[in-house]
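Asker: Pasting a structure here, questions to come.
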Amino acid sequence: MKKNWILSGVAAATLTGASVAQNVSTALAATTATVPAADAQTTKVVAAANAFLATLSTAQKKAVLFAWTDDTQRKNWSNFPLGGPGANRKGVRWGELNAAQRAVLMNLLGTVLSPSGVAMVKGQMLADDLIRATDQGQGPAGAGGPPASGGTSPTAGQATPPAGAPAGGLPAGSRPQVSFGSEYYFVSFVGTPSSSSPWMLQFGGHHLAINATVVGKDVTLSPSLTGGEPIKVAFNGKTYTLVPNVPVEAQAAYALLQTLSAAQKAKAVISTTRADLVLGPGHDGQVLQPEGLPGSAMTAAQRTQFLALIRDRLGILNADDLAAKMTTITQNIDKTYFAWWGPTTSAGAAYHRVTGPTVIIEFAPQSNDGDPANHLHNMYRDPTNEYGAAWTKLK
């Protein structure tokens with residue numbers, strides 16, 4: 001079965017909203033007066049971006065480049081598969097790239113992200129290939145079946161399915177027309193890659209939106225959506241983790257919860273009912289009031305664990321830019337809150353949130369497919385620097 005050939009490959013590979021949003025949009029549309037000189041890391045990022053652009057045809061290059069002032073494209077990201085509510089991604093599809101172009105694109109992602117960040121991206125793409133093979137949910141042709149035009153089969157490190165593999169999926173018309181699979185992940189640029197002007201790299205698809213704004217020596221991933229489904233799969237009596245970052249983060253949050261005293265836990269646990277994602281797509285500029293237990297009410301050892309939890313999430317960013325980000329977060333750790341919604345007896349099935357002056361993290365399990373720990377919608381935002389707004393205002 002199709003499921004078997006994909007799993008075999010896995011085994012082998014073992015704030016009031018409106019006004020704030022308007023201010024952000026206005027700031028982003030402005031031309032930066034002074035952009036700090038690029039450092040060695042962003043020089044690599046710019047070179048890798050230009051190397052990727054050089055592989056594209058004229059039509060592909062036209063499709064992938066958007067003006068820096070294009071606020072619509074800047075915010076054009078979603079947790080839904082293509083064709084889902086509000087999911088109308090633009091740019092160039094992974095399925096429209098040849099093997100050489102894909103390799104150069106992954107190299108570009110490897111300059112923006114850490115090795116674990118690249119592994120996360122590949123894992124999410126692989127997970128979506130598994131959804132495509134086992135539960136396409138297709139309506140009319142092209143809603144999860146073979147590519148409608150051009151493109152190749154799913155390739156997050158996977159082989160082409162064997163000839164005659166069953167198509168699977170639900171009866172036509174039983175679900176809105178959506179497109180699952182790694183070939184429906186898109187790359188785009190808002191602005192032109194440059195060492196002296198701001199620009200943004202976007203890469204995403206179902207359960208993934210990497211929005212990396214580059215300004216001189218600095219890179220931010222705010223806002224970015226991660227997660228995935230399925231996180232783990234069982235095959236031939238063994239369990240394989242497709243998206244390795246998620247279990248690490250879940251265990252780190254649960255470990256911190258277990259260190260809390262009864263009084264601390266009474267503040268941190270807001271409810272035993274799981275909450276859902278709050279600051280997902282379409283919620284730019286929305287304010288979340290801090291809830292839970294602040295770092296100032298933690299012991300030194302607990303604050304160390306708290307910072308480790310934050311680093312586990314933000315560690316998808318390259319080491320150079322992560323260090324700068326973690327320095328700011330560490331300085332504000334006393335004013336940063338940890339909160340929990342959901343069961344407190346195990347890791348992964350509860351929603352947790354980190355809310356600080358320069359960081360908001362949401363870990364949001366979804367229960368609509370059975371095991372909440374196997375379907376995640378997670379967000380990272382910096383309320384002071386959405387889409388790099390803090391670096392792109394007129395000085």
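Asker: Does Phe363 meet the test of being under 18 Å from Gln264 (Cα atoms) and surrounded by 21 or more Cβ atoms within 10 Å (Cβ to Cβ)?
Answerer: no
Asker: Looking at Gly169, Gly181, Gly144 in this structure, which one is modelled with pLDDT of 50 or more, surrounded by 20 or more Cβ atoms within 10 Å (Cβ to Cβ) and at positive phi?
Answerer: On inspection, the qualifying residue turns out to be Gly181.
Asker: Still on this structure: Among (1) in contact with a strand residue (DSSP E or B) (Cβ under 8 Å, 6 or more places away or on another chain); (2) modelled with pLDDT under 95; (3) in a helix (DSSP H, G or I), there is one condition Leu28 misses while meeting the rest; what is its number?
Answerer: The number of the failed condition is (1).
Asker: Counting only residues that are in a loop (DSSP other than H, G, I, E, B) and within 25 Å of Asp284 (Cβ to Cβ), which one in the stretch 342-367 is modelled with the lowest pLDDT?
Answerer: Gln366
Asker: Can I ask one more? Is it the case that the stretch 335-346 has a residue that's touching a helix residue (DSSP H, G or I) at 6+ places or on another chain (Cβ under 6 Å) and either in the same structural domain as Val112 (by TED's automatic domain parsing) or not hydrophobic (A, V, I, L, M, F, W, C) (or both)?
Answerer: Within the stretch 335-346, one or more residues are touching a helix residue (DSSP H, G or I) at 6+ places or on another chain (Cβ under 6 Å) and either in the same structural domain as Val112 (by TED's automatic domain parsing) or not hydrophobic (A, V, I, L, M, F, W, C) (or both).
Asker: A further question follows. Could you tell me whether the stretch 116-125 includes any residue that is modelled with pLDDT of 95 or more, over 21 Å from the mean Cα position of the chain (by Cα) and of a type outside the set (Val, Ile, Thr)?
Answerer: For the stretch 116-125, residues modelled with pLDDT of 95 or more, over 21 Å from the mean Cα position of the chain (by Cα) and of a type outside the set (Val, Ile, Thr): absent.
Asker: Looking at (1) under 19 Å from the mean Cα position of the chain (by Cα); (2) within 26 Å of Lys75 (Cβ to Cβ), find the lone condition where Pro357 falls short.
Answerer: Pro357 satisfies every listed condition except (1).
Asker: Follow-up. Given the criteria modelled with pLDDT of 95 or more and crowded, with 21+ Cβ neighbours inside 10 Å, does Leu97 qualify?
Answerer: yes
Asker: Based on what the data block shows, is Leu293 in contact with a Pro (Cβ under 8 Å, 6 or more places away or on another chain), under 19 Å from Asn332 (Cβ atoms) and modelled with pLDDT of 95 or more?
Answerer: Criteria not met by Leu293.
Asker: Further question: Only residues that are part of a loop (DSSP other than H, G, I, E, B) and either surrounded by fewer than 19 Cβ atoms within 10 Å (Cβ to Cβ) or of a type in the set (Val, Ile, Thr) (or both): list them for the stretch 245-276, please.
Answerer: Scanning the stretch 245-276 gives Ser261, Thr272, Thr273, Arg274, Ala275, Asp276.
Asker: Looking at (1) over 23 Å from His207 (Cβ atoms); (2) surrounded by 15 or more Cβ atoms within 10 Å (Cβ to Cβ); (3) under 23 Å from the mean Cα position of the chain (by Cα), which one does Thr327 not meet, given that it meets all the others?
Answerer: (2)
Asker: Does the stretch 332-351 contain at least one residue that is crowded, with 17+ Cβ neighbours inside 10 Å, among the polar types (S, T, N, Q) and farther than 17 Å from Ala252 by Cα?
Answerer: no
Asker: Would you be able to say whether some residue in the stretch 47-66 is crowded, with 18+ Cβ neighbours inside 10 Å, more than 25 Å from Gln124 (Cα to Cα) and either of a type outside the set (A, V, I, L, M, F, W, C) or at pLDDT 95 or above (or both)?
Answerer: Yes, there is a match, as at least one residue in the stretch 47-66 is crowded, with 18+ Cβ neighbours inside 10 Å, more than 25 Å from Gln124 (Cα to Cα) and either of a type outside the set (A, V, I, L, M, F, W, C) or at pLDDT 95 or above (or both).
Asker: Of the residues Ala324, Ala339, which is part of a helix (DSSP H, G or I) and at pLDDT 95 or above?
Answerer: When all the criteria are applied, what remains is Ala324.
Asker: Test Gly370 against the criterion of being modelled with pLDDT under 95 and over 20 Å from Leu257 (Cβ atoms), and give yes or no.
Answerer: Taking the combined requirement at face value, the residue satisfies it.
Asker: One residue is enough: does the stretch 277-288 have a residue meeting the conditions of a type in the set (D, E, K, R), in a loop (DSSP other than H, G, I, E, B) and outside the structural domain of Val45 (by TED's automatic domain parsing)?
Answerer: yes
Asker: Determine, yes or no, whether Asp312 is assigned to a helix (DSSP H, G or I), acidic (Asp, Glu), in contact with an Asp or Glu (Cβ under 6 Å, 6 or more places away or on another chain) and surrounded by fewer than 21 Cβ atoms within 10 Å (Cβ to Cβ).
Answerer: yes
Asker: Specify which of the listed residues (Met326, Met379) is aliphatic (A, V, I, L, M) and over 23 Å from Asn76 (Cβ atoms).
Answerer: Residue meeting the stated conditions: Met326.
Asker: Which condition number in (1) out of contact with any strand residue (DSSP E or B) (no Cβ under 9 Å at 6 or more places or on another chain); (2) farther than 17 Å from Asn245 by Cβ is the one that Tyr337 fails?
Answerer: Just one mismatch for Tyr337, condition (1).
The values are calculated or read from the model by the stated rules, or taken from the named source; none is laboratory data. This is a predicted model, so every value here is computed, not measured. No Cβ is skipped: glycine too gets one built from the backbone with ideal geometry, and neighbour counts run over all protein chains shown.
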